[in-house]
1. Check A:84, A:72 and return the single one that is in contact with a His (Cβ under 9 Å, 6 or more places away or on another chain) and under 30 Å from residue A:322 (Cβ atoms).
2. Condition first: surrounded by fewer than 21 Cβ atoms within 10 Å (Cβ to Cβ) and not aliphatic (A, V, I, L, M). Can you find one or more residues in region A:159-170 that meet it?
3. Just the residues that are over 27 Å from residue A:293 (Cα atoms) and basic (Lys, Arg), please, taken from region A:103-155.
4. Within region A:4-17, is there a residue that is surrounded by fewer than 24 Cβ atoms within 10 Å (Cβ to Cβ) and of a type in the set (Ser, Thr, Tyr)?
5. Scan region B:57-73 for residues that are in a strand (DSSP E or B) and away from chain A (no Cβ under 11 Å) and jot them down.
6. Within region A:265-290, which residues are outside any loop (DSSP other than H, G, I, E, B) and buried (at least 24 other Cβ atoms within 10 Å of the Cβ)?
7. Out of (1) hydroxyl-bearing (Ser, Thr, Tyr); (2) away from chain B (no Cβ under 14 Å); (3) under 30 Å from residue B:49 (Cβ atoms), the odd one out for residue A:212 is which?
8. Filter region A:62-115 down to residues that are farther than 17 Å from residue A:7 by Cβ and either assigned to a strand (DSSP E or B) or in contact with a helix residue (DSSP H, G or I) (Cβ under 7 Å, 6 or more places away or on another chain) (or both), then give me how many there are.
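The values are calculated or read from the model by the stated rules, or taken from the named source; none is laboratory data. Just so it is clear, the model here is predicted, and its values are computed rather than measured. Quick reminder, even Gly has a Cβ in these numbers, built from the backbone with ideal geometry, and neighbours come from all protein chains shown.
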Amino acid sequence: MKQYDVTVIGGGPAGLAAAVEAHKNGAKVLLVEREARLGGILKQCIHDGFGLVRFGEKLTGPEYAQRFMQEFKDLQIEASTLTFVTKIERSSEGFLLTLVNREGLSKILSQTIILATGCRERTAKQVFIHGTRPAGVFTAGTAQNFVNLCGCMPTKKCVILGSGDIGLIMARRLTLEGAQVLGVYEIQPTPSGLTRNIHQCLYDYDIPLHLSHTVTRVFGHDRLTGVEVAQVDDNKRPIEETKQFIECDALILSVGLIPENEIAENLGIQTDPHTKGPFCDQNLQTLHDGIFSCGNALHVNDLVDYVSESGETAGRNAAKWKRFNRSFASIEPSDGISYVVPQRINVADENMNTILYFRSAKVFDKVTLQILINEKCVFEKKYNHLRPPEMERLPFDFTAFGLKNTDTVKLLIKEDAQ
Amino acid sequence: MKEMVCIVCPNGCLLHIDTDGNDLKISGQKCKKGLAFAKTEMTAPMRTVCSTVKTAFKDVPVLPVRTDREIPKEKIFSVMAALNSFVLQERCGIGEVLIEKICGTDADIIATSNILKE
């Protein structure tokens, strides 16, 4: 049976960065990918804007992925594509993984596992739209796959529900390819995608954005013939008098992403209800010894640069991994913060240098972020703007604070007195 | 007074532009890229076009491409029309030029994926 120090599950940006970094730290690495090609979702993200933080350049998705794929190839790291992990068992010698591919079934032994399985789109079944079940209801990612990889247009005239980034990107893409995008409907009172995408994808092409609106019903037998939209009240309930019918041949959904953690759940790894990803410590090790998490499987990112960064953190620490008893202080989101990653600090580790990733719960202007240890403020930072769609990154070294496993760290927002 | 959002980077700075005769007074940018963006946006807006072109290869029906620099915003749809009438006949990789000086602009169309070389 083949043996590895680190097995990375998923060959997207997180997995590639994790594999490269684990290899550079001396580990024998295997990367398992279910698709034929590495690169993950970046393969179909042909728009530019990737890598500004990391490379200072505006790259397209495939160009960004290629930089890591090239390094991965140059380092001659082993990859098994068109391969699924169907089972993970714990044995006295490590993790026993069952792999399935065209050669059949095989088993490998690995000391550590990095879960880099990305996220999945929320579908029509998860947003409760009434009506028939015609063809023509696509998630934005599916539409993107049709257009950018298959070269097929899924619509001539469509409505987009949700203002997530992929929906905005697809509004522009479909418009460029000659489709009519009648409007983007967002149930929240604020957009859920990045501000610059609202501008460069919608306003550049005069595509209307309807906030506090939703799609209430779809029509059509074989193919979608139209949708009913309505304004919603403060409780997000559709207002009857505002309902109107819009004729179109497709409904594109961009209504949220959920970290993919089926493998983690099967192993009984605890996940954070805020992020839907595993609880992790500062080394991105989950609460299960030897299993690490990174990228969009850990929490949904808006920039790939941070996906790669978390992959590297997981890869480096998985390579250095040795069994020892961990002991945790907890990090919790408090007033104005919707989530923070990591959720734990392993206080038995001499290095508590941590990269905190967090999002605000609502739009804030001119506020102060505070870090509290046992209700005592130890750090403050002012922010001009905080917006839920825009994740914040804050490196913070907890090492000097003498944290104990009974301690609680809190992140909160204080609104400045005007 | 005009407001616009800088699209150069994910910060998405809200820029305020005061037009005082021929002078532009720009504020709100976190970096000098925002200054340059506001100036071109007020005079001759530029964009990068990212799209795909058809290929002659069955296994890869389309190849991702982009303009290697920004082009005038009003030329976006003529560039799209040119891209959609083009069929790639040779296997090429990232950075290789497919169409030179597209639609009379300074921009070349380059491949952005190595899928045809794998």
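1. On the way: A:84 fails: in contact with a His (Cβ under 9 Å, 6 or more places away or on another chain).
Residue meeting the stated conditions: A:72.
2. Step one: of region A:159-170, the residues surrounded by fewer than 21 Cβ atoms within 10 Å (Cβ to Cβ) are none.
So far as region A:159-170 goes, no, none of its residues is surrounded by fewer than 21 Cβ atoms within 10 Å (Cβ to Cβ) and not aliphatic (A, V, I, L, M).
3. A:125, A:133
4. For region A:4-17, residues surrounded by fewer than 24 Cβ atoms within 10 Å (Cβ to Cβ) and of a type in the set (Ser, Thr, Tyr): present.
5. Looking only at region B:57-73, we keep the residues that are in a strand (DSSP E or B), and these are B:62-67, B:71-72.
Hits for region B:57-73 are B:71, B:72.
6. Taking region A:265-290 as the starting set, the residues that turn out to be outside any loop (DSSP other than H, G, I, E, B) are A:265-266, A:271, A:278, A:280, A:285-286.
Correct list: A:278, A:280, A:285, A:286.
7. (3)
8. Residues in region A:62-115 being farther than 17 Å from residue A:7 by Cβ and either assigned to a strand (DSSP E or B) or in contact with a helix residue (DSSP H, G or I) (Cβ under 7 Å, 6 or more places away or on another chain) (or both): 7 in total.
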